[in-house]
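Participant: Below: one structure in structure tokens.
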Amino acid sequence: MEMLSCSHLKKIYQKQCVVNELSFSVRKGEAFALLGSNGAGKTTTIKMILGLIPKDGGTVERQADIRIGYSPETPYFHPFLNAREVLEFYGGLQNIPKKELKEQIPMLLERAGLEDSKTKVKNYSKGMLQRLALAQALLGDPQLLILDEPSAGLDALGRVEMMHTIQSLKEEGRTIIINSHILNDIERVCDRGIIMKKGNLLYEWEKGKEVRSLEEIFVDRIGGN
Amino acid sequence: MGIMKNALRERIRRKDIYVVVVIGMIIVMMCMSGAATLSINGVSVTEFEMMMPLVMNVISVLGGGIAVALSLRTIPNEYERRTSHLVWIRGISQWKYHSQLALASMISSLGALFILYVGVLVFAVMRGEIQILLKGIPAFFLFSISTAAVSLFTSAVSLVLPGMAAGVLCTAFMLIGTMHPILETVSGIVSGVARGLVNGVLFAVPNLYGVEVQAANLLSGKTVQVHNILGGLLVLYVCAVMLYVFRRKEA
């Protein structure tokens, strides 16, 4: 069953095609990877899916009434708020009832390892910001999670913890789209994915379909073109 | 109202506004205490009734400047920091988002204006004009219309113009609007193309002075002209419509 389907997506910036006729679909309950080097068009694709930028062509179809959570590549939160206040703010925007929000927030903070919610966001490290971004994405119990470079800027331990969290989110039955270029992480967590180069789809990857590792396939495809 | 409350919280933490307010209050006190002399056509103004509209105009220009400064970056900052992404994906409409940010800018601008205004009231009471206090609050509502319009106009323009261009345009809007009578006098002096230009500017920019002088009239017991107040409210409405119409293509 398809959770989301993109067909012939196109985006042109200053006469340059940054996403070109991109088509793929994401099944319910799977972790799907968008792979590619810098400038491949991964983040642009995510932004088109989320409606943050207009498309120059193509369609995005998703299951009706699904709740979507999004963690941006470079999360920015109002620096004068603490983690609890950030979650209260975004939960309020989602119209989550106060009682429900009160129950959700401590669980999300615990899951993100941000129990010390009194520290202001301005004093957060990059890793803490990433974890807070994931926590706000989980507000309202979304069925589809879109994570743009969730391990960017994290140290080795932070990366491992982030991948554990994503794995457990997948085991809960959520559908996850991850944009990343850390191939080992992707191979461990994701079921399928696409490799992109300069806005074009180069290869459709599926776990266990090939003997070669994802890294080998990636180098072959990206380096070979 | 969460977006507005959050934006107001950020405003309160900005220290620069306090500095502007303190400077403004010093200027107002100087104007009213005689440390600086106000004069019209070389004749010094000492009568309270004459002084009031002039001082109100000075406050209005200061308040308008603060309104431009506070409103100019509020919405663009949200987009530059990409805080907008997490708002847009939650299905918040642009109108709701922008209007709440604009309201926050307007409230903080009016807060600064109120502080300046209270300074005038305090000084008036010190001069024995106690009766002014009763009219003080309704007069402030009249007085705040022009500052609110400047703030809303700035918020709307900041959606479609880059920072510098928006700043210049909004400052011009505020200065021309609050100094309409001066330009009307200039229009009577000059001739030819210059006169056409000045008249064009006077036509394009609403007479904000017209509405704020009604506040001074109310305070000093003169007749209040309702059509000027309605004109001010119409300007506010047009600015709100601009805020609704102007949209961002990208978050």
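Participant: Put +1 on the Cβ of every Lys and Arg and -1 on every Asp and Glu Cβ in chain B; which of B:GLY128, B:PRO162, B:GLY188 then has its Cα farthest towards the positive end of the dipole?
Facilitator: It is B:PRO162, whose Cα lies furthest towards the positive end.
Participant: Let me ask another. Can you sort B:THR147, A:THR119 by 1.4 Å-probe accessible area, starting with the largest? Each step should come with its number before you reach the end.
Facilitator: Values: B:THR147 0, A:THR119 40 Å².
From most exposed to least exposed: A:THR119, B:THR147.
Participant: Can you list residues whose amide H is under 5 Å from A:VAL19's amide H, if they're 5+ apart or on another chain and H is modeled 1.01 Å from N?
Facilitator: Under 5 Å from the amide H of A:VAL19: A:LYS11.
Participant: Using the Kirkwood radius over C-alpha pairs as Rh, can you work out the diffusion coefficient of chain B via Stokes-Einstein at 10 °C, viscosity 1.306 mPa s, in µm² per second?
Facilitator: On the way: Rh = 19.1 Å.
In µm²/s, the coefficient is 83.
Participant: While we're looking at this one, here's another question. Quick one: accessible surface of B:TRP88, probe radius 1.4 Å, all protein chains present, in square angstrom to the nearest 10.
Facilitator: Around 40 Å² of this residue is reachable by solvent.
Participant: How do B:SER220, B:SER191, A:SER151 stack up against each other in accessible area, from largest to smallest, with a 1.4 angstrom probe? Let's see the in-between values first.
Facilitator: Values: B:SER220 25, B:SER191 85, A:SER151 5 Å².
Highest to lowest solvent-accessible surface, that is B:SER191, B:SER220, A:SER151.
Participant: Return the sequence-ordered ³J(HN,Hα) values of the range A:47-52 in whole Hz as given by the Karplus equation 6.51 cos²θ - 1.76 cosθ + 1.60 applied to θ = phi - 60°, using x for Gly and Pro.
Facilitator: Here the 3J(HN,Hα) series is 5, 5, 4, 7, x, 7 Hz.
Participant: Quick one: Debye curve from the C-alpha atoms of the range A:1-142, no solvent, what's log10 I(q)/I(0) at q = 0.09, 0.17, 0.21 Å⁻¹?
Facilitator: At q = 0.09, 0.17, 0.21 Å⁻¹ the computed log10 ratios are -0.34, -1.02, -1.22.
Participant: To the nearest Å, what is the center-to-center distance of the range B:119-172 and the range A:164-225, using C-alpha atoms only?
Facilitator: Comparing the Cα centres of the range B:119-172 and the range A:164-225, I get a distance of 57 Å.
Participant: On a 1.4 Å probe surface of the protein chains, which of B:PHE141, A:PHE218, B:PHE203 comes out largest in accessible area, and what is the full order? Please report the intermediate quantities before stating the final value.
Facilitator: Working: B:PHE141 135, A:PHE218 30, B:PHE203 185 Å².
Accessible-area ranking of B:PHE141, A:PHE218, B:PHE203, largest first: B:PHE203, B:PHE141, A:PHE218.
Participant: While we're on this one: Under DSSP H, which helices of chain B have Cα atoms covering 20 Å or more of the helix axis and a Kyte-Doolittle average no less than 0.5?
Facilitator: Details: long enough: B:16-33 (26 Å, 2.39); B:48-72 (35 Å, 1.74); B:94-126 (48 Å, 1.32); B:132-160 (42 Å, 1.80); B:163-178 (22 Å, 1.76); B:226-245 (28 Å, 2.03).
Membrane-span-like by this rule: B:16-33, B:48-72, B:94-126, B:132-160, B:163-178, B:226-245.
Participant: Roughly how big is the range B:2-245's charge dipole about its Cα centre, with Cβ charges of +1 (Lys, Arg) and -1 (Asp, Glu), in debye to the nearest 20?
Facilitator: On the way: 15 positive and 9 negative charges, 172 e Å.
In total the dipole reaches around 820 debye.
Participant: What percentage of all Cα-Cα pairs in the range A:76-142 are separated by more than 18 Å?
Facilitator: Values: 551 of 2211 pairs.
Of the Cα pairs, 25 percent sit more than 18 Å apart.
Participant: For the protein assembly as shown, what is the per residue volume of the convex hull drawn over the alpha-carbon atoms, in cubic angstrom? Please list the in-between numbers first.
Facilitator: Values: hull volume 86.9 nm³, N = 476.
Measuring per residue, one finds 183 Å³ for the Cα hull of the protein assembly as shown.
Participant: How much accessible area does B:LEU234 have with a 1.4 Å probe, in Å² rounded to the nearest 10?
Facilitator: In the full protein context, B:LEU234 sits at about 110 Å².
Participant: Quick check: from the Cα gyration tensor, does the range A:123-169 come out rounded (a/c under 1.5), prolate or oblate? Could the numbers behind the result be given before it?
Facilitator: On the way: a/c = 2.16, a/b = 1.41, b/c = 1.53.
It is oblate, given that a/c is not under 1.5 and a/b is not larger than b/c.
Participant: Taking each residue of B:71-82 in turn, how many C-beta atoms of other protein chains fall within 10 Å of its C-beta, and what is the average?
Facilitator: Values: counts 0, 0, 0, 0, 0, 0, 0, 2, 0, 1, 5, 6.
Taking the mean over all residues of the peptide, I get 1.
Participant: Another one. Would the range B:165-251 count as rounded, prolate or oblate if I go by the C-alpha gyration tensor, calling it rounded below 1.5 in a/c and otherwise prolate when a/b exceeds b/c, oblate otherwise?
Facilitator: Details: a/c = 2.48, a/b = 1.17, b/c = 2.12.
Verdict is oblate for the range B:165-251.
Participant: Mind grabbing the accessible area of B:PHE114 for me, 1.4 Å probe, Å², rounded to tens?
Facilitator: The accessible area comes out at roughly 80 Å².
Participant: Roughly speaking, what is the stretch gain from B:VAL193 to B:ILE26, that is 0.36 nm per residue apart minus the C-alpha to C-alpha distance, in nm to one decimal?
Facilitator: Taking 0.36 nm per residue and subtracting the Cα distance, the gain is 56.1 nm.
Participant: Quick check on my link table: of A:LYS10/B:LYS249; A:LYS15/A:LYS197; A:LYS126/B:LYS15; A:LYS10/A:LYS207; A:LYS47/A:LYS197; A:LYS10/A:LYS198, which ones sit more than 19 Å apart, alpha carbon to alpha carbon? Write down the numbers at each step before the final one.
Facilitator: Values: A:LYS10/B:LYS249 16 Å; A:LYS15/A:LYS197 17 Å; A:LYS126/B:LYS15 27 Å; A:LYS10/A:LYS207 27 Å; A:LYS47/A:LYS197 17 Å; A:LYS10/A:LYS198 12 Å.
Check vs 19 Å cut-off fails for A:LYS126/B:LYS15; A:LYS10/A:LYS207.
Participant: Once you average over the residues of A:74-82, how many Cβ atoms of partner chains fall within 10 Å of each Cβ? Display every interim value, and only then the final one.
Facilitator: On the way: counts 3, 4, 8, 3, 8, 3, 5, 3, 0.
Rounded to a whole number, the mean comes out at 4.
Participant: Just how large is the dipole of the protein assembly as shown about the Cα centre, in debye to the nearest 20, putting +1 at every Lys and Arg Cβ and -1 at every Asp and Glu Cβ? Working shown, then result.
Facilitator: Numbers: 49 positive and 40 negative charges, 56 e Å.
The calculation lands at about 260 debye.
Participant: Treating each Cα of the range A:1-54 as an identical point scatterer and ignoring solvent, apply the Debye formula and state log10 I(q)/I(0) at q = 0.14 Å⁻¹.
Facilitator: Debye output, listed in q order: -0.38.
The values are calculated or read from the model by the stated rules, or taken from the named source; none is laboratory data. These numbers were taken from a predicted model, which means no experiment stands behind them. No Cβ is skipped: glycine too gets one built from the backbone with ideal geometry, and neighbour counts run over all protein chains shown. Each accessible area value is taken on the protein alone, full model and side chains, heavy atoms only, with ligands, DNA and RNA left out. Shrake-Rupley method; radii C 1.70, N 1.55, O 1.52, S 1.80 Å.
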